[in-house]
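Below you'll find the structure, written out as structure tokens, and then a few comments.
The values are calculated or read from the model by the stated rules, or taken from the named source; none is laboratory data. Bear in mind the structure is a predicted one, so any value in this text is a computation, not a measurement. Reconstructed Cβ throughout: ideal geometry from the backbone, glycine too, with neighbour counts over all protein chains shown.
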Amino acid sequence: MYKRTLAWIDQRFPLTSFVKHSVADYPTPRNLSYWWNFGSLAGIALVLQIVTGIFLAMHYKADVGMAFDSIQHIMRDVNYGWLLRFIHSTGASAFFAVIYIHMARTLYYGSYRAPRELMWWTGQGLLLLLMATAFMGYLLPWGQMSYWGAAVITNLFRATPFVGDYVVIWLRGDFQVGDATLTRFYALHYLFPFIIVGAVMVHLVALHTVKSSNPSGINLAAKDNIPFHPYFTIKDLFGLGVYLIVFSVFVFFLPDTLIESANNIPANPLQTPAHIVPEWYFLPFYAILRSVPDLAGGVVAMGLSVLIFAAMPFLDRSKIPGGSRYRPAYRMMFFLFIINIFVLGYVGAKPVTQGTALLGQFASIVYFSVFLLLPWISTREEKYLRERGLPPELETLIKDEEAKKSERRQNNRRH
């Protein structure tokens with residue numbers, strides 16, 4: 001019966017061939033490490049957020065007079081509502097943690113380089129969509145930090161030249177953060193995850209077109225690839241088990257760790273919190289925003305701090321493959337950048353003082369300097385390594401890569 005059903009479907013829709021091509025028989029480099037698990041973990045985190053979000057939406061009231069109480073109703077009166085809420089709130093942080101590690105792996109191993117530029121850019125688009133979704137969802141509990149966080153962030157759009165005030169009113173739907181803002185943020189927060197699913201499909205098409213990178217940084221020959229199933233499905237399942245253990249610890253034992261305590265107080269437009277702080281995954285960008293005294297300059301710096309990642313394929317001009325494996329200077333810059341991200345996160349979480357302001361300005365300069373110095377350092381590093389003499393196997397790989405690029409250029413000319 002099972003085989004007959006599949007045969008009936010395959011006559012009308014290529015289900016079996018699609019699964020074999022995209023999952024089971026998908027050629028995968030045999031040397032992938034566990035750092036490559038985070039792509040699949042991000043997909044699982046997205047599905048978990050959508051499922052829990054749909055059930056939460058059944059009980060949530062997008063009204064300023066009822067939003068906070070509806071969250072309490074979900075937590076106290078709905079069967080397992082507390083579990084749904086904690087999975088969803090913890091899942092948002094877990095989602096960003098997985099995405100940031102996934103990006104860090106891509107940067108460390110140079111997986112953004114040709115021919116994977118479009119895959120990198122679609123990933124950057126996914127990050128922007130995820131940030132927008134998280135920001136709009138943060139308002140929905142209608143707590144003190146939710147309200148004032150939304151008020152501060154939407155007010156940043158006043159820096160838009162000529163039409164800043166109109167943009168803020170358009171975003172809020174009113175002259176202040178109120179019922180209209182909550183309603184539209186709720187609708188968009190529900191809609192955006194499904195847009196993200198579509199963007200993920202585009203990202204996967206780009207991935208399956210250029211194939212996965214690997215720790216060596218070299219595109220392996222077909223004979224060096226193995227089927228995704230069962231070798232990497234087992235590996236992904238093991239990574240998923242570890243992820244769920246850590247995730248469950250936060251959900252069942254530390255659920256309030258990732259929820260700002262001020263958000264347990266109903267929003268009060270007449271009482272400003274002593275220190276307005278966003279969620280932890282926005283803290284580095286918030287620190288960059290605060291490091292610039294001018295509002296417009298701070299908004300531009302914060303926007304560039306996110307968008308500048310898209311320029312990595314152009315900024316990294318080294319022809320030596322392998323990301324940081326054969327490039328000590330690049331490796332040092334990467335670890336400096338990661339340390340600096342944690343410094344910015346610390347600054348963003350602290351109230352503004354003279355010390356934190358100076359530290360934030362210094363860390364912001366370091367942040368952008370890493371990107372701006374990369375073209376010069378990558379070319380100098382390549383020259384230095386070539387003068388010292390590259391390993392014979394690396395020389396061979398570079399020549400093979402250059403031959404492949406030349407062949408691709410000739411094919412493009414023919415087309």
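Restricting the range 250-265 to residues that are among the β-branched types (Val, Ile, Thr) and surrounded by 12 or more Cβ atoms within 10 Å (Cβ to Cβ), the residue that is farthest from residue 68 (Cα to Cα) is 251.
Within the range 344-355, residues that are in the same structural domain as residue 282 (by TED's automatic domain parsing) and under 16 Å from residue 273 (Cα atoms) sit with their Cβ atoms under 7 Å from residues that are assigned to a helix (DSSP H, G or I) and not basic (Lys, Arg), at 6+ positions apart or across chains, in these pairs: 348/283; 348/284; 348/286; 348/287; 349/283; 350/356.
Within the range 351-361, none of the residues are in contact with a Ser or Thr (Cβ under 8 Å, 6 or more places away or on another chain), buried (at least 18 other Cβ atoms within 10 Å of the Cβ) and modelled with pLDDT under 95. Condition check for residue 267 on (1) among the hydrophobic types (A, V, I, L, M, F, W, C); (2) within 21 Å of residue 76 (Cα to Cα); (3) in the same structural domain as residue 105 (by TED's automatic domain parsing): one failure, at (3). Here 28, 90 are screened, and the one residue that is of a type in the set (Val, Ile, Thr), at pLDDT 95 or above and either surrounded by 14 or more Cβ atoms within 10 Å (Cβ to Cβ) or over 30 Å from residue 108 (Cβ atoms) (or both) is 90. The single condition among (1) exposed (fewer than 14 other Cβ atoms within 10 Å of the Cβ); (2) under 30 Å from residue 274 (Cβ atoms) that residue 367 does not meet is (1).
Which one is nearest to the chain's Cα centre (by Cα) among residues in the range 338-356 that are more than 19 Å from residue 301 (Cβ to Cβ) and β-branched (Val, Ile, Thr)? That would be 338. I'd like to check something: does the range 221-243 contain any residue that is modelled with pLDDT of 90 or more and either assigned by TED's automatic domain parsing to the domain that holds residue 281 or small (Gly, Ala, Ser) (or both)? Yes, that holds for at least one residue.
Restricting attention to the range 175-189, does a residue exist that is aromatic (Phe, Trp, Tyr) and either assigned by TED's automatic domain parsing to the domain that holds residue 42 or modelled with pLDDT of 95 or more (or both)? Scanning the range 175-189 turns up at least one residue that is aromatic (Phe, Trp, Tyr) and either assigned by TED's automatic domain parsing to the domain that holds residue 42 or modelled with pLDDT of 95 or more (or both).
Could you please let me know if residue 66 is in the same structural domain as residue 85 (by TED's automatic domain parsing), farther than 22 Å from residue 214 by Cα and either exposed (fewer than 13 other Cβ atoms within 10 Å of the Cβ) or touching a residue at least 12 places away in the same chain (Cβ under 8 Å) (or both)?
no
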